[in-house]
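This report concerns only the one structure given below.
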């Protein structure tokens, strides 16, 4: 498997302390931003049925495994579009990636908040608020987020859809810890100089949050939400992200 994909999945090619290995091996699934593009109005489970792995309903298969395995192709396409570990990555491209991410995270995080207010959803952790970090990074780097009325995805319709989308953005935060080291070393960036989004809460706290998210995802699946619907939502999120990136940066 290529080293870049191992890094994006959070599996380092260098030995690290046991605690960090465990955090990363638990699933740094890289994802980032998306936009309005030509997608089915509803990415329902039937449209993605062929993507589901064998043994989906097995009691020994976790929802994390289903989501990870079933969206692997989407993840690879996004990684290819982003090129954030490319040795030829320029600072200009990095800023445009952040701009694309901002156009995705701001409306999606608003959808998370709206859905939670309209339900009795219990999470056990705070909703993600990373659009503000992207805005701060862009300002420090001298870029302004492009104004847009586009919604990257339709409004969230169900807990399964909420869960699938949350899986993508929380996996992105974990994968961002790998990218923070690479990007920080490339241009000597730090949290307060254009790397706040990828630095996030740091390795340990991000790992703890990821563990809480995985526990919650499993409880959602066990409470009756269909795994296929969660996978469909995650896949649609990856695809919307890819469309946003390609629209702003061009095809890979």
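Looking across segment 59-75, the residues that are in contact (Cβ under 8 Å) with a residue 24 or more places away in the chain and surrounded by 16 or more Cβ atoms within 10 Å (Cβ to Cβ) come down to 63, 64, 66, 67, 68, 70, 71, 74, 75.
Somewhere in segment 19-37, is a residue over 22 Å from residue 235 (Cβ atoms), in contact with a helix residue (DSSP H, G or I) (Cβ under 8 Å, 6 or more places away or on another chain) and either at pLDDT 95 or above or surrounded by fewer than 12 Cβ atoms within 10 Å (Cβ to Cβ) (or both)? The answer is yes; a qualifying residue exists. I'd like to check something: does segment 143-160 contain any residue that is touching a helix residue (DSSP H, G or I) at 6+ places or on another chain (Cβ under 9 Å), farther than 27 Å from residue 86 by Cβ and not in a loop (DSSP other than H, G, I, E, B)? Within segment 143-160 (the criterion being touching a helix residue (DSSP H, G or I) at 6+ places or on another chain (Cβ under 9 Å), farther than 27 Å from residue 86 by Cβ and not in a loop (DSSP other than H, G, I, E, B)), the answer is yes, since at least one residue qualifies. Here segment 168-193 is the region considered, the condition is being outside any helix (DSSP H, G or I) and surrounded by fewer than 17 Cβ atoms within 10 Å (Cβ to Cβ), and the residue that is farthest from the chain's Cα centre (by Cα) is 188. Residues in segment 84-107 that are more than 15 Å from the chain's Cα centre (by Cα) and either crowded, with 17+ Cβ neighbours inside 10 Å or not in a loop (DSSP other than H, G, I, E, B) (or both): 85, 89, 91, 92, 93, 94, 95, 96, 99. Taking residue 165 as the residue in question, decide whether it is more than 23 Å from residue 239 (Cα to Cα), assigned to a helix (DSSP H, G or I) and touching a residue at least 12 places away in the same chain (Cβ under 8 Å). The answer is no for residue 165.
The one condition from (1) farther than 22 Å from residue 70 by Cβ; (2) modelled with pLDDT under 95 that residue 154 does not meet is (1).
The values are calculated or read from the model by the stated rules, or taken from the named source; none is laboratory data. Note that the structure is a prediction, hence the values are computed from the model and not measured. When we count neighbours, we look across all protein chains shown, and the Cβ atoms used for this are built from the backbone with ideal geometry, even at glycine.
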